[in-house]
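J.: One structure coming up, written as structure tokens, with questions to follow.
Each reported figure results from applying straightforward, stated rules to the coordinates on display, with no laboratory input. This is a predicted model, so every value here is computed, not measured. Positions of Cβ are generated from backbone atoms using ideal geometry, with glycine treated the same way; all protein chains shown enter the neighbour counts.
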Amino acid sequence: MSAVEGSGHAGDTGRFRQRDADVEAAFFLPFLQPGMTLLDAGCGPGSITCGLAERVAPGHVTGVDADPARIETASSYASDAGTGNVAFLVADVNDLPFDDAVFDAVFANGLIEHLPDPHKGLAEMKRILKPEGVIGVRSPDWGSALLQPDAEPLRHSISLRNRLQRHRGGHPEAGRRLRGLLIEAGFLGVSAGASAESHGADDETAEGARYMHSILDDPELARLAREHGWASVDEIEEMRLAWTAWAAQPGAFAAFFWCHATGRAPTTP
Ligand SMILES: C[S@@+](CC[C@H](N)C(=O)[O-])C[C@H]1O[C@@H](n2cnc3c(N)ncnc32)[C@H](O)[C@@H]1O
């Protein structure tokens, strides 16, 4: 997974805390009941998946991810955690290897923003949900960043990051679109909300700077920036230094929204 794919507070560039169902899936937990079958779409390293499995036990959770390395990590995580009611498999959410109407719930954290055609993935998720089955999706919105202190090179670097994600078929501002996407996909009773990811302690601002450095150090970004005139080598170096200086400020703070939406599959497909 590239740095942009791993964006958020648990990217590949460093994990200052492991993703956790109590936090990332807080909006979805009230919809879950013991005995449910649940799909975690784009499950990544599996920590949220195992938390969801605890919530629906003795029901069963399946985690799918397109990246075999992620599935290997998730399987080891579940085995170390002793989570028995979970299985992981490599699968593309655009073409799920399940019959129609077999799951009570589908969850996707940090996935929709990476799908070149979110409608296709959501149609698959609707297909495998039972009538009135529940969906919960959650994505960041990179158009919502608060930065203190604020500076042009920091903003420029965020806009470069977003260009790179768009170039790879992703959607940096997916968060604000989730409600509309679920409605367009045919889910009913759709509602949305948001929470903030904040970086307001020394380890968190350092992690934020490390994450942005990892983007700016990506050789593909340098090549694309040169080819498309997005930024010069000197400008990219200036952005790097700006993030180092930002994180070193005692009052540095950053926050941005993660948005979520829930809905239900219709009673007839
Ligand atoms: C940002 S990570 C989020 C992982 C996990 N849900 C979490 O919140 O910790 C996005 C994950 O989606 C997976 N992914 C991206 N496109 C996918 C697709 N078409 N089908 C299945 N998984 C996909 C990536 O491999 C990656 O593991």
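J.: Just to be sure before I move on: is residue 87 more than 30 Å from residue 199 (Cα to Cα) and either within 21 Å of the chain's Cα centre (by Cα) or surrounded by fewer than 23 Cβ atoms within 10 Å (Cβ to Cβ) (or both) in the structure I sent? Show your work before the answer.
T.: Values: more than 30 Å from residue 199 (Cα to Cα): yes; either within 21 Å of the chain's Cα centre (by Cα) or surrounded by fewer than 23 Cβ atoms within 10 Å (Cβ to Cβ) (or both): yes.
Answer is yes for this residue.
J.: Condition first: in a loop (DSSP other than H, G, I, E, B) and within 25 Å of residue 128 (Cα to Cα). Now tell me which residues in region 151-193 satisfy that.
T.: 169, 170, 171, 174, 185, 186, 187
J.: For residues in region 193-240 being over 28 Å from residue 253 (Cβ atoms) and of a type in the set (D, E, K, R), which is surrounded by the fewest Cβ atoms within 10 Å (Cβ to Cβ)?
T.: Checked region 193-240; the qualifying residue surrounded by the fewest Cβ atoms within 10 Å (Cβ to Cβ) is 227.
J.: Taking the stated definitions as given, is residue 42 touching a helix residue (DSSP H, G or I) at 6+ places or on another chain (Cβ under 7 Å), within 11 Å of the ligand (Cβ to nearest atom) and under 29 Å from residue 117 (Cβ atoms)?
T.: No.
J.: Which of the residues that make up region 94-112 are within 8 Å of the ligand (Cβ to nearest atom) and more than 14 Å from the chain's Cα centre (by Cα)?
T.: 94 - this is the single residue of region 94-112 that is within 8 Å of the ligand (Cβ to nearest atom) and more than 14 Å from the chain's Cα centre (by Cα).
J.: Condition first: in a helix (DSSP H, G or I) and surrounded by 21 or more Cβ atoms within 10 Å (Cβ to Cβ). Can you find one or more residues in region 254-267 that meet it? Quick ask: steps written out before the conclusion?
T.: Filtering region 254-267 for residues in a helix (DSSP H, G or I) gives none.
Within region 254-267 (the criterion being in a helix (DSSP H, G or I) and surrounded by 21 or more Cβ atoms within 10 Å (Cβ to Cβ)), the answer is no, since none of the residues qualifies.
J.: Also, quick follow-up: Just the residues that are in contact with a strand residue (DSSP E or B) (Cβ under 7 Å, 6 or more places away or on another chain) and either near the ligand (Cβ under 9 Å from one of its atoms) or under 18 Å from residue 196 (Cα atoms) (or both), please, taken from region 113-141.
T.: 113, 136, 137, 138, 139, 140, 141, listed by residue number.
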